[in-house]
Amino acid sequence: MSQYYPPQGPLYPPEQNPEYYDADYEYEEINGGGLKNNALLQSTLAFVGGGCLVFLCMSACVLLGVALWTLDQTAIAAVPPEGSDIGLSFDEPAFPDESVTNEEGMQLTILDVNRNAALDSIPPVEGREVIIVTIELVNFGSDQAGFDERDFLLVNSLEEAYMPSIGVISSRDGALGRGTLPPNEGLEGRLVYEVAAGELDLRLVWEPSGADVQPRYIYLE
């Protein structure tokens, strides 16, 4: 004898609890929208953060480059020009084969000394001699600098000074004369002096007039 079991319906028919299914559906939809918004926000923040990081890196590189350039320029400026620390006094002149450089960046070198020289323009005088000094001037400064043969004196051991004889030789014969020297250019010139015969320990003194620089001293020979 068979037993009849009536068909079993759903335990919870939709019509008995519609609010449960509707609420679940709405929850899933809202939750999905939140994930999308969060993903968009995270992408935006990542993009902005990456841009800021790149900007900071570039700024750091630029600042580092400027700092290194400044340090390099400071190091260059800290190196004194060759010859700027010698020949600063009568008692401690530079040697004849040394160059001296003043605060304007002008460098002086004695190239040749001709003692007992003979010039047609200077009659020989007993007890006197003519000295011709050939010098080189080079402008290592950033501005043009003036020069004048009157800025060069010969001084003996008693600090008695001899002025140059102006005009006894012409510019064709290599007289230094006067003028201006542009940066990174040089010239040679001759200076003529009449001194007591046999003077020893002569020093060439270079003191440009109108310039705020110290005199420079070089032994003549």
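Each reported figure results from applying straightforward, stated rules to the coordinates on display, with no laboratory input. Just so you know, these numbers come straight off a predicted model, no measurement behind them. Backbone-built Cβ (ideal geometry, glycine too); neighbour counts: all protein chains shown.
Neighbours of residue 115, meaning other residues whose beta-carbon lies under 11 angstrom from its beta-carbon, give a summed charge of -4 when Lys and Arg score +1 and Asp and Glu score -1. Pairwise Cα distances in the stretch 86-163 exceed 15 Å in 67 percent of cases.
For residue 177, the residues whose amide H sits under 5 Å from its own are 149, ignoring neighbours fewer than 5 places away on the same chain, with H placed 1.01 Å from N. Karplus-based coupling profile of the stretch 147-161, in residue order and whole Hz: 9, 7, 5, 6, 7, 10, 10, 9, 10, 8, 5, 8, 6, 7, 9, with θ = phi - 60° in 6.51 cos²θ - 1.76 cosθ + 1.60 and x standing for Gly or Pro. An oblate overall shape is assigned to the stretch 87-221, the ratio a/c of its alpha-carbon gyration tensor axes (a ≥ b ≥ c) being 1.5 or greater and a/b not exceeding b/c.
Applied to the stretch 108-124, the Karplus parametrisation 6.51 cos²θ - 1.76 cosθ + 1.60 on θ = phi - 60° returns per-residue 3J(HN,Hα) values of 10, 9, 7, 8, 7, 10, 10, 8, 6, 6, 10, 10, 5, 7, 10, x, x Hz, with x for Gly and Pro. Ordered by the number of other Cβ atoms lying within 10 Å of each residue's own Cβ, fewest first, 194, 126 fall into the sequence 126, 194. Amide hydrogen proximity for residue 84: with H placed 1.01 Å from N in the peptide plane, the residues at 5 or more positions away or on another chain lying under 5 Å are 101.
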